[in-house]
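Participant: Before anything else, here's the structure in question.
The values are calculated or read from the model by the stated rules, or taken from the named source; none is laboratory data. Keep in mind it's a predicted model, so treat the numbers as computed, not measured. All Cβ positions, glycine included, derive from the backbone under ideal geometry; neighbour counts span all protein chains shown. Surface accessibility is based on the protein's heavy atoms, side chains included, excluding ligands, DNA and RNA. Shrake-Rupley method; radii C 1.70, N 1.55, O 1.52, S 1.80 Å.
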Amino acid sequence: MPSSVIRRWDYDAAEHRLDIIFVSGKRYSYHDVPLRVAKGMREAFSKGGYFNRRIRDHFAFTEHRTRASIAD
């Protein structure tokens, strides 16, 4: 299901990094995210709800200074 909060996300299994682009254009990379959490994100009906419950405030992150464009 499309998310009203998350535009796009991608998981790098080798780096255990979850990259999220929000509809606002803000970009974050969450570090040391286990594969099971990324799989949960993929399977979640509500991506934003899953993010809020299982990722936000649970993993260290990097906020990228440049915002994503609409094309991203």
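Participant: Hey, got a sec? Which trypsin sites (Lys or Arg not before Pro) in the chain land in a DSSP loop and have at most 16 other Cβ atoms within 10 Å?
Facilitator: Numbers: sites: 7, 8, 17, 26, 27, 36, 39, 42, 47, 53, 54, 56, 65, 67; in loops: 26, 56, 65, 67.
Sparse-neighbourhood loop trypsin sites (Lys or Arg not before Pro): 26, 56, 65, 67.
Participant: May I pose another question? So which chymotrypsin sites (Phe, Trp or Tyr not before Pro) in the chain end up in coil per DSSP with only 14 or fewer other C-beta atoms within 10 Å? The partial results should precede the final answer.
Facilitator: Working: sites: 9, 11, 22, 28, 30, 45, 50, 51, 59, 61; in loops: 45, 59.
Those that pass, being in a loop and sparsely packed, are 45.
Participant: Over the chain, what is the relative contact order in percent, taking alpha-carbon pairs closer than 8 angstrom and at least six residues apart? Don't jump to the answer; show the numbers that get you there.
Facilitator: Numbers: 107 pairs, mean separation 23.5, N = 72.
Relative contact order of the chain: 33 percent.
Participant: Dipole of the chain (Lys/Arg Cβ +1, Asp/Glu Cβ -1, origin at the Cα centre): which of 55, 11, 44 lies farthest to the positive side?
Facilitator: In the chain, that residue is 44.
Participant: Let me ask something additional. Solvent-accessible area per residue for the chain at a 1.4 Å probe radius, Å²? Write out the running numbers ahead of the final one.
Facilitator: Details: 4970 Å² over 72 residues.
Per-residue accessible area for the chain comes out at 69 Å².
Participant: Among (1) 34; (2) 22; (3) 41, which is the computed percent of Cα pairs over 20 Å apart?
Facilitator: (2)
Participant: In addition: Measure off, as a whole percent, the carbon and sulfur share of the 1.4 Å-probe accessible area of the chain, all protein chains present. Show your work: numbers first, answer last.
Facilitator: On the way: 2490 of 4970 Å².
Summing carbon and sulfur atoms, their accessible area is 50 percent of the total for the chain.
Participant: Taking square-rooted eigenvalues a ≥ b ≥ c of the alpha carbon gyration tensor, is the stretch 1-40 rounded, prolate or oblate, where a/c under 1.5 means rounded and, failing that, a/b exceeding b/c means prolate?
Facilitator: Details: a/c = 2.99, a/b = 1.61, b/c = 1.86.
Here the stretch 1-40 falls in the oblate category.
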